[in-house]
Amino acid sequence: MNQEWKNSMRLRVDMNNMFDDYVGSGNGIAAGDVEALIPALKAAQKSLQAARGTGMLGWMTMPYEQEEIVADILDAAAEIQANFDTFVVLGIGGSALGPTAIQFALNHMRWNELPKEKRNGKPRLYVEDNVDPERLAALFDIIDLKTTAFNVISKSGATSETMSQFLIIRDALIREVGDDWAKHIYATTDAARGNLIKIVKAENMRMFVIPDGVGGRFSEICPVGLLPAAVCGIDIRAMLEGCAFMDEICKNDDLFQNPAMLGAAAKFAAMRKGKNISVVMPYVDCLKYMADWYAQLWAESLGKKFDRNGKIVREGQTPVKSLGVTDQHSQVQLYAEGPHDKFITFIGVDRYRNVMPIPGAYEDIPDISFLGGHTQNELIQAEQTATEFALLKQEQMNRTITLPEVNAFTIGELMYYFMMETAYTGELLNIDAYNQPGVEEGKNATYALLGRPGYEAKRAEIEARPAKSDRWII
Ligand code: PA5
């Protein structure tokens, strides 16, 4: 990958339609709104760059420091490919959304349905991120445990959902393959903290480390995301190069040279103008799960009750997942004519991976025949432009991120772009973008309800809730 090729793969962020000049006075932001943030952003850049690789900014050095880990991952991937035909991720939140997003973005859309030779001999991939009792039962109906490997991913090594899945799978494997059961499990967890590491050591399982300072939603570019991707043949080195390429761009502290910084500034200014909803709408089907991954990153990082000084601020912006063109027929009516409380991020591509010509027919029905001779590529891109135009007419803020094409490099770029944008926005909001106390409360309440030792006080607190009134249950 030479520099010229990398430059040709640079993503573009067009923010024109966020500004008053385009979107209409009053419903956008002004240039002065983002310019006023320059001092704060310079300070944010200074502290982020000074702390890169330390504290909770471990993810910022991940694009560079993983050569040995990548070699180990590729070795494990080869072992898995040689011995198993199915690979199942057990994880939730940051331990599941990334692997799903990457697989759908970079591999065949119907990967699991392809015959093995069309998958180049690589395993099928399933990501099990829920505990609905139907879910694993359905999985058992379509996999053969003898030829299935599982990747238990948990940073904390304590998450009930993932651990419950592990216990069920372990039991099923013991019954099916006996003493060899642990050879079917690959764990990805913290090197020291949590209980999963204890099990890994006791059972002598192969494991990968989630490094310190890499929280769940920032972990896609460590073994959490890299192992499943490598197992399915994705070029993880190219992904990391894409991250590094974007990281270099984001080292610039000139607001107008750093797209993640400008994105954060514009989004922050928009939030302060009451845009409380952030819709992400890829016009690229294979990026639809990227919108899920973004939703967690944005929601969990920025949705905070307290700022860093302990003041109640209740910050955050609600992310909404949308898909072009599908959701034009479901959500765009609201985005166009509904309240001016949101902005939309379109994600498009210059070149789709496939060209689908539309054959001509029915010359006597002009309303259909006009499509003939075009391609679906032209149609989807026209619809993206048309939706952008329609929203602009309604003074609805939007912006467009364009990838030259979807490949491992540009996906690395895109994910790193969103992580940096989130980090800058966290700095502007003066909140801790790397914790999730609201999620922990629910986790602890679950432990209490299921009788985990040490959670008796939480149980008492839950039981002390006011009794429900029958009036409101009908
Ligand atoms: O972003 C996060 O930190 C969370 O979404 C976690 O990824 C999620 O709660 C799962 O946690 P763990 O990986 O510890 O099982």
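The values are calculated or read from the model by the stated rules, or taken from the named source; none is laboratory data. Every value quoted in this text rests on a predicted model; they were computed, and no experiment measured them. Reconstructed Cβ throughout: ideal geometry from the backbone, glycine too, with neighbour counts over all protein chains shown. For the accessible areas, the whole protein counts, side chains as well, though only heavy atoms, and no ligand, DNA or RNA atoms are used. Shrake-Rupley method; radii C 1.70, N 1.55, O 1.52, S 1.80 Å.
Out of the residues in the range 1-26 that are assigned to a strand (DSSP E or B) and touching a helix residue (DSSP H, G or I) at 6+ places or on another chain (Cβ under 7 Å), which is farthest from residue 397 (Cα to Cα)?
In this case the residue turns out to be 13.
Hey, any hits in the range 336-347 for a residue that's more than 20 Å from residue 101 (Cβ to Cβ), touching a helix residue (DSSP H, G or I) at 6+ places or on another chain (Cβ under 6 Å), open to solvent by less than 50 Å² (accessible area, probe 1.4 Å) and in the same structural domain as residue 296 (by TED's automatic domain parsing)?
yes
Look at residue 465 and say whether it is closer than 25 Å to residue 108 by Cα, out of contact with any Leu (no Cβ under 6 Å at 6 or more places or on another chain) and either away from the ligand (no atom under 16 Å from the Cβ) or in a helix (DSSP H, G or I) (or both).
no
Yes/no per residue for (1) in the same structural domain as residue 165 (by TED's automatic domain parsing); (2) free of Cβ contacts under 8 Å to residues at least 12 places away in the same chain; (3) open to solvent by 20 Å² or more (accessible area, probe 1.4 Å):
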position: 20; (1), (2), (3): no, yes, yes
position: 25; (1), (2), (3): no, yes, yes
position: 28; (1), (2), (3): no, no, no
position: 33; (1), (2), (3): no, no, yes
position: 41; (1), (2), (3): no, no, no
position: 70; (1), (2), (3): yes, no, no
position: 88; (1), (2), (3): yes, no, no
position: 95; (1), (2), (3): yes, no, no
position: 99; (1), (2), (3): yes, no, no
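Does any residue in the range 352-377 that is open to solvent by 80 Å² or more (accessible area, probe 1.4 Å) come within less than 8 Å, Cβ to Cβ, of a residue that is charged (D, E, K, R) six or more places away or on a different chain, and which pairs are these?
Once the first residue is open to solvent by 80 Å² or more (accessible area, probe 1.4 Å) and sits in the range 352-377, its partners that are charged (D, E, K, R) give 353/405.
Which ranges mark the strands (runs of 3 or more DSSP E) fully within the range 128-227 that have 1 or more residues being open to solvent by less than 10 Å² (accessible area, probe 1.4 Å), of a type in the set (A, V, I, L, M) and at pLDDT 95 or above? I'd like the intermediate steps shown before the answer.
On the way: elements: 148-154, 185-189, 206-209.
Per the criteria, 148-154, 185-189.
What about residue 437, is it outside the structural domain of residue 243 (by TED's automatic domain parsing) and without any contact (Cβ under 8 Å) to a residue 12 or more places away in the chain?
The answer is no for residue 437.
Can you name every one of the strands (runs of 3 or more DSSP E) wholly within the range 269-334 that holds 2 or more residues which are open to solvent by 10 Å² or more (accessible area, probe 1.4 Å)? Break it down into steps so the answer makes sense when it comes.
Values: elements: 277-282, 304-306, 312-315, 318-321.
Fully inside the range 269-334 and qualifying: 304-306, 312-315, 318-321.
Any chance you could count how many residues in the range 202-227 are more than 18 Å from residue 171 (Cα to Cα) and more than 10 Å from the ligand (Cβ to nearest atom)? Explain how you work it out, then say what you get.
Just the residues of the range 202-227 that are more than 18 Å from residue 171 (Cα to Cα), to begin with: 206-227.
Subsequent filtering for residues that are more than 10 Å from the ligand (Cβ to nearest atom) retains 206-209, 211-213, 220-223, 225-227.
Residues in the range 202-227 being more than 18 Å from residue 171 (Cα to Cα) and more than 10 Å from the ligand (Cβ to nearest atom): 14 in total.
So which of 316, 348 is of a type outside the set (D, E, K, R) and over 21 Å from residue 387 (Cα atoms)?
Step by step, each of 316, 348 is checked, and only 316 is of a type outside the set (D, E, K, R) and over 21 Å from residue 387 (Cα atoms).
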